[in-house]
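Presented below is the structure to which this report refers.
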Amino acid sequence: MGIIIKTEKQIGLIRESCRLLAIVHQELEEFIRPGISTKEIDIKGDTCIRKLGGIPNFLHYNGYPASICVSVNDEVVHGIPNKHRILEEGDIVSLDAGMIYQGYHSDEARTHGVGKISAEAQKLINVTRESFFAGLKMAKAGNHLFDISNAIAAYVKPYGYGIVRELVGHGVGTKLHEDPQIPNFAQTRRGPKLRPGMTLAVEPMINMGRADVEWLDDNWTVVTEDGSWSAHYENTILITEGEPEILTRC
Ligand code: MF3
Ligand code: CO
């Protein structure tokens, strides 16, 4: 398929989709507290996306049954919201949400602490976020795609955390998942050249323990094999002539 370079008009629409999605994430962050169910988060997010004029793009994607992916503790990504799954003080919860606005997708994920969390868990969340920004520094026209991957991997390495390999970042546009795939682990090649007008979802998924993951019987929920906790941090970004632009922010 190849990597699609977006026109100014397309970039404008993706930017708006992303800006609105960032508002959804802000509302969800404020909503997180001990005692709520993961289903309540899904309902809140779905309502918010629609109120802003968007359509949840995860709902029915390959049969995924909800609008927000809610993944708790050792769940890495794609947790299915459930009214019986209640958040407890000390948990960490990863929220992955996306929307379509006037035909254009956006994609963003954050991991939040529920109430007071351990220093260890906070460190995992922080390092995961920081690894995104290490990757972002390399996201410049003229650099190559895997410079982003290698920067993320190099940032995480000294912490001894596991970098998930089975799931990767991706291009974003009229489809949720476009070329290229963007690994978060070290690559030997440099990959395609980055060019202005590329819109990319960069999304490190980092485990406190080993990198290996497995799928639950629901065929969606990805969990760590060793039961260690996992964090996720994702933004949709735009490659420009100069500094990259984080589109998923408000
Ligand atoms: N947000 C995920 C990604 O970054 C996609 C979720 S797909 C769903 O690629 F089906 F689980 F919604
Ligand atoms: Co994504």
- Message: Can you confirm whether ARG195 is farther than 26 Å from TYR101 by Cβ and either surrounded by 18 or more Cβ atoms within 10 Å (Cβ to Cβ) or basic (Lys, Arg) (or both)?
- Response: no
- Give the residue that is nearest to LEU21 (Cα to Cα), with candidates limited to residues of region 58-73 that are within 15 Å of ligand 2 (Cβ to nearest atom), part of a loop (DSSP other than H, G, I, E, B) and open to solvent by less than 10 Å² (accessible area, probe 1.4 Å). SER67
- Out of region 82-99, which residues are out of contact with any Cys (no Cβ under 8 Å at 6 or more places or on another chain) and open to solvent by less than 40 Å² (accessible area, probe 1.4 Å)? LEU87, GLY90, ASP91, ILE92, VAL93, GLY98, MET99
- Query: Any idea which of ALA153, ALA141 is away from ligand 1 (no atom under 15 Å from the Cβ) and in contact (Cβ under 8 Å) with a residue 60 or more places away in the chain?
  - Reply: ALA141
- Residues of region 219-250 being crowded, with 24+ Cβ neighbours inside 10 Å, part of a loop (DSSP other than H, G, I, E, B) and out of contact with any Lys or Arg (no Cβ under 9 Å at 6 or more places or on another chain), in sequence order, are TRP229
- Item | Cβ-Cβ under 6 Å pairs, at least 6 apart or on other chains, region 113-125 side open to solvent by less than 80 Å² (accessible area, probe 1.4 Å), far side polar (S, T, N, Q) | ILE125/THR111
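Looking only at region 74-106, which residues are outside any strand (DSSP E or B), within 16 Å of ligand 2 (Cβ to nearest atom) and touching a Lys or Arg at 6+ places or on another chain (Cβ under 9 Å)?
The answer is GLY79, and nothing else.
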- Message: So for region 36-48 (the condition being within 16 Å of ligand 2 (Cβ to nearest atom) and of a type in the set (S, T, N, Q)), does at least one residue qualify?
- Response: no
- Task: With respect to ILE5, determine if the residue is surrounded by fewer than 21 Cβ atoms within 10 Å (Cβ to Cβ) and not in a helix (DSSP H, G or I).
- Result: yes
- Item | Residue within region 226-240 that is away from ligand 2 (no atom under 16 Å from the Cβ), over 30 Å from ASN73 (Cβ atoms) and of a type in the set (Ser, Thr, Tyr) present | yes
- Note on the structure: Residues of region 88-130 being farther than 14 Å from ALA201 by Cα and of a type in the set (S, T, N, Q), in sequence order, are SER94, GLN102, THR111, SER118, GLN122, ASN126, THR128
- Message: For the condition modelled with pLDDT of 95 or more and open to solvent by 30 Å² or more (accessible area, probe 1.4 Å), what is the one hit in LEU200, LEU216?
- Response: LEU216
- Query: If LEU52 satisfies every condition in (1) touching a Pro at 6+ places or on another chain (Cβ under 8 Å); (2) more than 14 Å from ligand 1 (Cβ to nearest atom); (3) within 29 Å of GLN10 (Cβ to Cβ); (4) of a type in the set (A, V, I, L, M, F, W, C) but one, which is the exception?
  - Reply: (1)
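The values are calculated or read from the model by the stated rules, or taken from the named source; none is laboratory data. Predicted, not measured: the structure shown is a model, and the values here were computed from it. Counting neighbours? That spans all protein chains shown, and the Cβs are built from the backbone with ideal geometry, glycine included. Protein only, heavy atoms only, side chains kept; ligands, DNA and RNA dropped before computing areas. Shrake-Rupley method; radii C 1.70, N 1.55, O 1.52, S 1.80 Å.
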